[in-house]
Structure formats: structure tokens, C-alpha cells
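Novice: Handing you a structure now.
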Amino acid sequence: MHYSPILAPVVALVAWTLIVMFWMLLTRIPAMRKAGITLGTARRGGRGANLDGVLPDDVQWKSHNYNHLMEQPTIFYAIALTLALMDMGYGINVWLAWGYVGLRVLHSIIQATVNVVLYRFTCFALSSFCLLGLTVHAGARILHDCGLL
């Protein structure tokens, strides 16, 4: 079966997101126990953000990063799938997609460990340029096919 090469970075980012989720759980659950918090005693309707200031910051960083992986990457998934459906999931678009994924993984590692905002922001900004490139390529193709370019 043939598939678009741009789907490989999509699968890689989903896999990375699951790794971060498990990393979050493996650090958060023991920290919750240490703080005397159980699922039975957790505040009704509580969210992970309610643990900020309760659990150590370095434990919460994993959770913050997991949340970040639920935000901008959703746009990446949409544009990558769009490019795959447009038969544009190869060449420079694959390189941009892998660049996006690599930078998001690096962003995660930074945020979950040392959490230096300057380094995080640099990775975020560079990955956003990759996302912009993917979007421009898809948009230009649509405008071209509509006769507007």
C-alpha cells in the first residue's frame, strides 16, 4: 500500500505525545501521593492546573508540555493531512514536517527538564516557521488550482 511520506512525521508526533503523557503520569502520580492527594480526595471538577503550586514545579512542567502538545500541533496534523490528500506530502514538505516534529520534541525535552523560556521560545518560533511553510505551500496550491495565482 502506498502512503504519503508526510504521514511518518504525523505518526512520530503522536507517538511522542503519548511518551510525554506517560512521562507526566510517572512523575505526577508519585508526587500526588507524596502530597497526600488521591483521585478520591481530589477536588470535584478539578483539573491538572489545580496542582500548580501544590506539586513541585518540575513535576508540573511535564503536564504543561503535554497540554502544549494538544494545542498548536493540532494545526500541524490538519495541514499535514491536507498536504497528504493533495498529493503534496513529499519533498520540502516532508522536511518541514520533520523539522516541526524535531523542534517540538526538543521543546518538550527543554520544558520538561530545565524549562528555560528562551530555549523553549526559540524552538517554538522555529517550529512555527515550519508550520507556516507547510501552510503557505498548501494555500498556494489551492489558490493556483482555483486560478487565483
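Novice: On the Cα set of segment 1-73, report Rg and Dmax in Å, please.
Specialist: My reading of the Cα-based Rg and Dmax gives 15.7, 52 Å.
Novice: Ignoring ligands, DNA and RNA, what percent of the 1.4 Å accessible area of segment 1-129 is carbon and sulfur?
Specialist: Carbon with sulfur: 70 percent of the solvent-accessible area.
Novice: Right, something else. Roughly how tilted is helix 73-85, in degrees to the nearest 10 and between 0 and 90, from the longest Cα axis of the chain?
Specialist: That helix lies at roughly 30 degrees to the long axis.
Novice: Give the separation of the Cα centroids, segment 19-52 to segment 76-149, in Å.
Specialist: Centre-to-centre distance over Cα atoms comes out at 32 Å.
Novice: In the Gaussian network model of the chain, springs joining C-alpha atoms below 10 Å, which of T113, T41, T27 carries the largest mean-square fluctuation?
Specialist: T41
Novice: Another question about this same structure. What residue among L39, L51, L103 has the largest mean-square fluctuation in a Gaussian network model of the chain, using Cα springs under 10 Å?
Specialist: For the chain, modelled as a Gaussian network with Cα springs under 10 Å, the answer is L39.
Novice: Have a look at H64, S128, L118 and report the one farthest towards the positive end of the charge dipole of segment 37-149, computed about the Cα centre with Cβ charges (Lys/Arg +1, Asp/Glu -1).
Specialist: Going by the charge dipole, the pick is H64.
Novice: Right, here's the next one. Quickly estimate the mean residue ellipticity at 222 nm for the chain, helices only: each DSSP H run with n ≥ 4 gives -39500 (n - 2.57), and the total goes over all residues, rounded to 500.
Specialist: The per-residue figure over the chain is -24000 deg cm²/dmol.
Novice: To the nearest 20 Debye, how big is the dipole of the chain about its Cα centre, given +1 on the beta carbon of each Lys and Arg and -1 on that of each Asp and Glu?
Specialist: 600
Novice: I've got another one for you. Assuming a ≥ b ≥ c are the square roots of the Cα gyration tensor eigenvalues, decide whether segment 63-149 counts as rounded (a/c under 1.5), prolate (otherwise, with a/b larger than b/c) or oblate.
Specialist: prolate
The values are calculated or read from the model by the stated rules, or taken from the named source; none is laboratory data. Since we're looking at a predicted model, the values are computed, not measured. Every residue, glycine among them, receives a Cβ derived from its backbone with ideal geometry; neighbour counts consider all protein chains shown. Areas reflect the complete protein model, heavy atoms only, side chains present, ligands, DNA and RNA absent. Shrake-Rupley method; radii C 1.70, N 1.55, O 1.52, S 1.80 Å.
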